[in-house]
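Read the structure below first, then the notes.
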Amino acid sequence: MTTTTTATTTTTKRHARPATLAQRVAAADWTALAEELNGVGCAVTPRLLSPADCRALSALYDEPAPDHGAESGSRARFRSTIDMARHRFGSGQYRYFADPLPEPVQALREAFYPHLLKTARDWADKLGRPAPWPDTLEEWLTLCHEAGQTKSAQILLRYGEGDWNALHRDIFGEVVFPLQVVIGLDEQGTDYTGGEFLLVEQRPRAQSRGTTTVLPQGHGLIFTTRDRPVRSARGWSAGPVRHGVSTVRSGRRHSLGLVFHDA
């Protein structure tokens, strides 16, 4: 009897490298996101950060303030801490990152800018406004700095039980980018309850319209910084928009705010 032996070739599968933050942002359906922004002024992205990424960013909040315990010669992570109740902004705290930004924050900001730029220019065209934003974030920030806006406006926010954020706009001077992003770092229903993102739009010759969004962990919410084009009987009108956060009923809520103009 003849025995035939068949050799089996084993192929070692190489694990694909995890997508970079730029690749995750680019992989979003930007046509659908633009339609959502045009429709209601905000849009939720796919997941951009893993739970571990989110925890690592949240943990930065407890690093020493510039005047508390930083070692000689070391660079502080944050340039300032804001108590919202003290300034009548609501209740809770947020911290402005100092330059240079943490790598994930810088990477996300750079990745979002070219995609948001298309909508920014489209809105400016509809409203008959100048569109001063160049093709790259670096060039745009140079213009911010030349206008005297030189401080980082990227923020890490922390809300505890009973905290909330009053309706406002993140405008720090004459130089403004019309869209910004907030990324959820905790999971609603597990880490906290309440704390929905609020967007209130003042419509031309009509009552204001409110939109609430549960911010999923690791996902971004793109929203209007100041106003957006809204259809009216005379064509396009600017609909002023403010944003905030509803009362956190339990737990602790962290989020990362990406603003595309400096303060």
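If only the Cβ of Lys and Arg carry +1 and only the Cβ of Asp and Glu carry -1, the dipole of the chain around its Cα centre is close to 640 debye. Protein-only accessible surface at a 1.4 angstrom probe places the residues 30, 140 in the order 30, 140, largest first.
Computed from Cα positions, the angle between helix 137-146 and the longest principal axis of the chain comes to roughly 30 degrees. Excluding ligands, DNA and RNA, the accessible surface per residue across the chain is 54 Å² with a 1.4 Å probe. Among the GluC sites (Glu not before Pro) within the range 168-201, those in coil by DSSP and having at most 14 neighbouring Cβ atoms inside 10 Å are 174.
In the neighborhood of residue 62, defined by Cβ-to-Cβ distances under 14 Å, what is the net charge if each Lys or Arg adds +1 and each Asp or Glu adds -1? Cβ neighbours under 14 Å give a net charge of +4. For residue 231 and residue 107, the FRET efficiency from 1/(1 + (r/R0)^6), where r spans their Cβ atoms and R0 equals 35 Å, is about 0.45. Under the criterion of Cα pairs below 8 Å and six or more residues apart, the relative contact order for the range 137-263 equals 45 percent.
Estimate the FRET efficiency between residue 143 and residue 193 by the formula 1/(1 + (r/R0)^6), using the beta-carbon distance for r and 30 Å for R0, to the nearest 0.05. Once the sixth-power term is evaluated, E becomes 0.10. Please report, as a whole percent, how much of the solvent-accessible surface of the chain comes from carbon and sulfur atoms (probe radius 1.4 Å). Here carbon and sulfur together make up 49 percent of the probe-accessible area. Taking the Cα centre of the range 175-263 as origin and assigning +1 to Lys and Arg Cβ atoms and -1 to Asp and Glu Cβ atoms, the resulting dipole is close to 560 debye. Simple rule: put +1 on each Lys or Arg Cβ and -1 on each Asp or Glu Cβ in the range 80-143, find the dipole, and look at 85, 113, 136; the Cα lying farthest toward the positive end is 85.
Using the Cα centre of the range 146-261 as origin and beta-carbon charges of +1 (Lys, Arg) and -1 (Asp, Glu), tell me which of 160, 225, 245 is placed farthest towards the positive end of the dipole. With unit charges placed on the Cβ atoms, the residue in question is 225. Helical runs assigned H by DSSP (4 residues or longer) give the chain a calculated mean residue ellipticity at 222 nm of -7000 deg cm²/dmol, each run adding -39500 (n - 2.57) before division by the residue total.
The accessible-area ordering, largest first, of the residues 115, 87, 254 stands as 87, 115, 254, per a 1.4 angstrom probe. Helix 103-127 axis versus longest C-alpha principal axis of the chain: approximately 50°, rounded to the nearest ten.
Measuring nothing but how far apart in sequence close Cα pairs (under 8 Å, 6+ apart) lie, relative to its length, the chain scores a relative contact order of 25 percent.
Applying both filters, DSSP loop and at most 10 other Cβ atoms within 10 Å, to the trypsin sites (Lys or Arg not before Pro) of the range 184-256 gives 205, 234. Sorted from longest to shortest, the spans of the Cα atoms of the chain along the three principal axes equal 94, 54, 41 Å.
The values are calculated or read from the model by the stated rules, or taken from the named source; none is laboratory data. Keep in mind that what you see is a predicted model, and the values were worked out from it rather than measured. Cβ coordinates were reconstructed from backbone atoms using ideal geometry, including for glycine residues, and neighbour counts include every protein chain displayed. For accessibility, only protein heavy atoms count, side chains too; no ligands or nucleic acids. Shrake-Rupley method; radii C 1.70, N 1.55, O 1.52, S 1.80 Å.
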